[in-house]
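Chemist: Please find one structure pasted underneath; my questions will follow.
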Amino acid sequence: MSLNRGKFTLEKARAYLEHEPAMQVEALSDRLFTVTDGHCRSIFVSGLKSVVAFDTFGTPGRARAYRNAIETRLPGKPISAIIYSHDHLDHTGFAADLAPKAEIIADELCAKVVKARGAEGQTVPTRILRGQRNEITIDDISLVLLNPGPTHGSGNLAAYFEKERVLFSSDTILGNAKYGFMPDYHFRNFVPTMRSFLELDWDIFIPGRFGLTNRDGFIRGCDFIEATMTECQRAFANFVPIWLYEPMKGFVGGALSERFGDLEGFDGHIGQMAIRIVHHYLMGGWGLEDTPSGGVLLADEIKV
Amino acid sequence: MSEGTTSAEKSCAEHLGIFTLKGDIPIQGAYRDICYQPLRANIWTASEGIYRTIFLEGKKSVVAFDTFGTPGTARAYAWAMNRVFPKKPVEHLVYSHEHLDHTGYAFDLAPNAKVIAHDLANRVIVARESDGQKAADQTWSGERQEFNIDGCTFEMIYPGPTHGDGNVAAYFPQHKTLFMVDTVADGVGYTTLMDWHLTHYIPVMKRFLSLDWDLFVPGHFWMLTRERFIQILDYWQSLKDFAQEAIIAGVDPHDWNDLNRYTDEHLGPVYRNEFRYYEYAAMNLSRYMQEYLSGGWGIEGNLKPNLSPL
């Protein structure tokens, strides 16, 4: 059987790509479920005759394990649609293994990046959403999909479930401090964009990694990122050697430990966060995504 | 002070870049000694120890490249050029790319100089509205553009996405010299490769090997030979396999201790004597792992560039 490899080129990656981990499923209502492989997290929704799955997990094996978990929980209901939260392979790289005949729905920018990337196993979206808010219905499932601005990756869509008072947003705010080097985050607009979700009525937040949190945990997550951005500026302003891990960890971690040191993973990750965020101020942000008005350079080069 | 901003709205006398802190920003105004030396013909290079750039002696003026990364270093750079050529003002300023640490402070360096930038860089600069960063007076687009300014002849080359936006090289064919910022520098360098477009970075940079040059001036630290330039690209190429193997081995790209352990065991035997290996090899590895875990980032990280010889 051929193996979808994403961007891997080494033959020895086969076992990693094929491994099917145990998936944990938790019901949030009679139709809404959250699922994790122990690291990444997603959601799926039960319709009249089918299932709408968000994301695919990050390898062919994990995608198959996700499909099996859905079939076990909702037997007889095929996956009719997959909604991509954003473009990254660790979340949406393997629709071809999860449900090769499903409709693929994504934000326009996400779709453009997926098309340009051409990664093996990452199916190009078949239905494109544009604008900040889309309300769509699939198999009697009404969905509110939101992209209020640049946060992480390209075309990052949040899903709002008013009935369950749930918000799902992948790889943005976490329920802990395990952000690491914060890959492909767009800091200029990140916190204000995330805080805009507080205008909606929800009290459970489902992140793209690790455990769930509540509204207070989400607000604290925004506060944590914002405070880290402030302390990184102070470090830079006061001649801390910003390229070095230990000095940045010492300065920023020391300043924030009393307020946020209880967050899981704080000590092990604040140094990496500090290195990344201080470079935002050193360099001025990356691309148009990190400018006041947002935007994406060369987006018109790709047609979807 | 940027247009439309009154002094009363500022708590700091210096241009602030994108700082949002209230109160003084000591690093913005700090003076740094600038070292400078002639390279070849009318090409000079300047550095404050970490950052590096070039400037050119014209008939009646100086053509400066970049500004350094704070108002204080921009002024020090201006003074350095004035010391070398006291009768020749900086009348043209060429941007390598759009990042503030290289081109953020034209208003402090030479406020009346004509700024030249690639269109892709300038689009970001205009949208960024950073305090102190001057938008271009003249832009160019495409891959190559020849310039002859006050007797200074050079070619600007945009090879494709590498680092930042509109990152361009200055090529001096008659002097076999190439200047390009934040792409190749000695050692392992560059932390987590901030704003690098990794997917096509190496083949895009190798396009320069079709040109005739033997001196490379990077945006950081010291000059490189053509052979060393190739060796550095080989290091970045080797990280592609190391990164995949680290993922396969179960290394968490966000676990600092795990990254360092794996780096010491696997990259160390080959690269531990490289400049800044102990500072950055683990960060380099983490970034390369993301290339395989998340894919290239954004449109620029995935567009298929022209990879034909220049």
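Chemist: Please quote Rg/Rh for the range B:118-275 to two decimal places, taking the Kirkwood radius as Rh and restricting both calculations to Cα atoms. Let's see the in-between values first.
Modeler: Details: Rg = 18.0 Å, Rh = 17.6 Å.
Ratio of gyration radius to Kirkwood radius for the range B:118-275: 1.02.
Chemist: Still on this structure, please answer the following. What is the diffusion coefficient of chain B in µm²/s, taking the Kirkwood radius over Cα pairs and the Stokes-Einstein relation at 10 °C with a viscosity of 1.306 mPa s? Show your work: numbers first, answer last.
Modeler: On the way: Rh = 20.3 Å.
Value of D from the Cα-based Kirkwood radius: 78 µm²/s.
Chemist: Binning every alpha carbon pair distance of chain A at 10 Å from zero, what are the percents per bin?
Modeler: 6, 27, 34, 24, 8, 1, 0
Chemist: Restricting attention to the range A:216-290, which GluC sites (Glu not before Pro) occupy a DSSP loop and are surrounded by at most 15 other Cβ atoms within 10 Å?
Modeler: Working: sites: A:Glu226, A:Glu231, A:Glu258, A:Glu264, A:Glu289; in loops: A:Glu264.
Answer in residue order: A:Glu264.
Chemist: Let me ask something else about it. What does the net charge come to around B:Gly58 if you take all other residues with beta carbon closer than 15 Å to its beta carbon, with K and R at +1 and D and E at -1?
Modeler: Working: positive: B:Lys59, B:Lys60, B:Lys87, B:Lys88, B:Lys114; negative: B:Glu57, B:Glu91, B:Asp150.
Computed value for this residue: +2.
Chemist: Give the angle, between 0 and 90 degrees and rounded to the nearest 10, that separates the Cα long axis of helix B:277-293 from the longest principal axis of the Cα atoms of chain B.
Modeler: Taking the Cα atoms of chain B, the angle to B:277-293 is about 70 degrees.
Chemist: Another question, then. Using the Cα gyration tensor of the range A:188-233, with a ≥ b ≥ c the square roots of its eigenvalues, what is the shape: rounded (a/c below 1.5), prolate (a/b larger than b/c) or oblate (neither)?
Modeler: On the way: a/c = 2.23, a/b = 1.55, b/c = 1.44.
Here the range A:188-233 falls in the prolate category.
Chemist: From the gyration tensor of the Cα coordinates in the range A:11-171, what semi-axes in whole Å does the equivalent ellipsoid have, largest first, with each one equal to sqrt(5λ)? Walk me through the numbers before you get to the answer.
Modeler: Numbers: eigenvalues 93, 79, 38 Å².
Semi-axes, largest first: 22, 20, 14 Å.
Chemist: For the range B:124-175, what is the convex hull volume of the alpha-carbon atoms per residue, in Å³? Intermediate results must be reported in sequence, preceding the final value.
Modeler: Values: hull volume 6.0 nm³, N = 52.
Expressed per residue, the convex hull around the Cα atoms of the range B:124-175 is 115 Å³.
Chemist: Hey, another quick one. Starting from the eigenvalues of the Cα gyration tensor, five times each then square-rooted, give me the equivalent ellipsoid semi-axes of the range A:127-195, largest first, whole Å.
Modeler: Result for the range A:127-195: semi-axes of 24, 14, 10 Å.
Chemist: Further question on the same structure: For the protein assembly as shown, with the dipole built from +1 on Lys and Arg beta-carbon atoms and -1 on Asp and Glu ones, taken about the Cα centre, which of A:Gly254, B:Gly142, A:Ala106 lies farthest toward the positive end?
Modeler: Selected residue: B:Gly142.
Chemist: A further question follows. Rounded to the nearest 20 debye, what is the charge dipole size of the range A:226-287 about its Cα centre when +1 sits on each Lys and Arg Cβ and -1 on each Asp and Glu Cβ? Walk me through the intermediate numbers first.
Modeler: Working: 4 positive and 7 negative charges, 54 e Å.
For the range A:226-287, the charge dipole is close to 260 debye.
Chemist: Along the charge dipole of the protein assembly as shown, pointing to its positive end and built from +1/-1 on Cβ of Lys, Arg, Asp and Glu, which listed residue (B:Thr53, A:Val296, B:Ala282) has its Cα farthest out?
Modeler: B:Thr53
Chemist: Next question. When the dipole is taken about the Cα centre of chain A, and only Lys, Arg (+1) and Asp, Glu (-1) are charged at their Cβ, what size is it in debye, to the nearest 20? Can you show the working numbers first?
Modeler: On the way: 32 positive and 38 negative charges, 118 e Å.
Charge dipole of chain A: 560 debye, to the nearest 20.
Chemist: Going by how many other beta carbons lie within 10 Å of each one, how would you line up A:Trp286, B:Trp256, fewest first?
Modeler: On the way: A:Trp286 27, B:Trp256 20.
Ordered by Cβ neighbours within 10 Å, fewest first: B:Trp256, A:Trp286.
Chemist: Let me ask another. Could you state the principal axis extents of the C-alpha atoms in the range A:27-79, from the largest down, to the nearest angstrom?
Modeler: Cα extents, longest axis first: 29, 20, 15 Å.
Chemist: Net charge within 10 Å of B:His92 by Cβ-Cβ distance, Lys/Arg positive one each and Asp/Glu negative one each, not counting B:His92 itself? Intermediate results must be reported in sequence, preceding the final value.
Modeler: On the way: positive: B:Lys114; negative: B:Glu91, B:Asp137, B:Asp150.
Cβ neighbours under 10 Å give a net charge of -2.
Chemist: Dipole magnitude of the protein assembly as shown about its Cα centre, charges +1 at Lys/Arg Cβ and -1 at Asp/Glu Cβ only, in debye to the nearest 20? Kindly include the intermediate steps, with their values, before the conclusion.
Modeler: Values: 59 positive and 77 negative charges, 180 e Å.
The calculation lands at about 860 debye.
Chemist: Would you mind ranking B:Lys87, A:Lys12 so that the residue whose beta carbon has the fewest other beta carbons within 10 Å leads the list?
Modeler: B:Lys87, A:Lys12
Chemist: Sticking with this structure for a sec: Relative contact order for the range A:11-171 using alpha-carbon pairs under 8 Å, separation at least 6, rounded to a whole percent? Intermediate results must be reported in sequence, preceding the final value.
Modeler: Numbers: 347 pairs, mean separation 28.5, N = 161.
Across the range A:11-171, relative contact order equals 18 percent.
Chemist: Could you work out Rg/(2.2 N^0.38 Å) for the range A:220-304, with Rg from alpha carbons only?
Modeler: Values: Rg = 15.3 Å, N = 85, 2.2 N^0.38 = 11.9 Å.
Working it through for the range A:220-304, the quotient is 1.28.
Chemist: Any chance you could check the Cα centroid distance between the range B:205-240 and the range B:19-96 for me, in angstrom?
Modeler: Here the two parts' Cα centres lie 24 Å apart.
Chemist: In addition: Got a sec? Charge dipole of the range A:178-250, +1 on Cβ for Lys and Arg, -1 for Asp and Glu; which of A:Asn189, A:Pro241, A:Phe224 is way out at the positive end?
Modeler: A:Pro241
Chemist: Any chance you could list P(r) for the range B:183-310, counting all Cα-Cα pairs in 5 angstrom bins from zero, rounded to whole %?
Modeler: For the range B:183-310, the pair-distance distribution reads 2, 11, 20, 22, 20, 14, 8, 3, 0.
Chemist: Here is a follow-up. Give the order of A:Lys77, A:Lys49 when sorted by the count of other beta carbons within 10 angstrom, beginning with the fewest. Before the final figure, lay out the partial values.
Modeler: Details: A:Lys77 17, A:Lys49 11.
Listing A:Lys77, A:Lys49 from fewest to most nearby Cβ atoms yields A:Lys49, A:Lys77.
Chemist: Using only the Cα atoms, work out Rg/Rh for the range B:7-142, with Rh taken as the Kirkwood radius, to two decimals. The partial results should precede the final answer.
Modeler: Numbers: Rg = 14.6 Å, Rh = 15.1 Å.
Checking Rg against Rh, the ratio lands at 0.97.
Chemist: For the protein assembly as shown, just the Cα atoms, rotate onto the principal axes and tell me the three extents in Å, largest first.
Modeler: Ordered largest first, the protein assembly as shown gives principal extents of 83, 56, 44 Å.
Chemist: Residues with beta-carbon under 14 Å from that of A:Gly268, excluding A:Gly268: net charge, scoring Lys, Arg +1 and Asp, Glu -1? Spell out each step's value before the answer.
Modeler: On the way: positive: A:Lys178, A:Lys249, B:Arg261; negative: A:Glu246, A:Asp262, A:Glu264, A:Asp267, B:Asp252, B:Asp255, B:Asp258.
Neighbour charge sum, excluding A:Gly268 itself: -4.
Only the coordinates and a few stated rules stand behind these numbers; no lab work does. It should be emphasised that the depicted structure is a prediction, and the values quoted were computed from it without experimental measurement. Cβ sites come from the backbone with ideal geometry, for glycine too, and all protein chains shown count toward neighbours.
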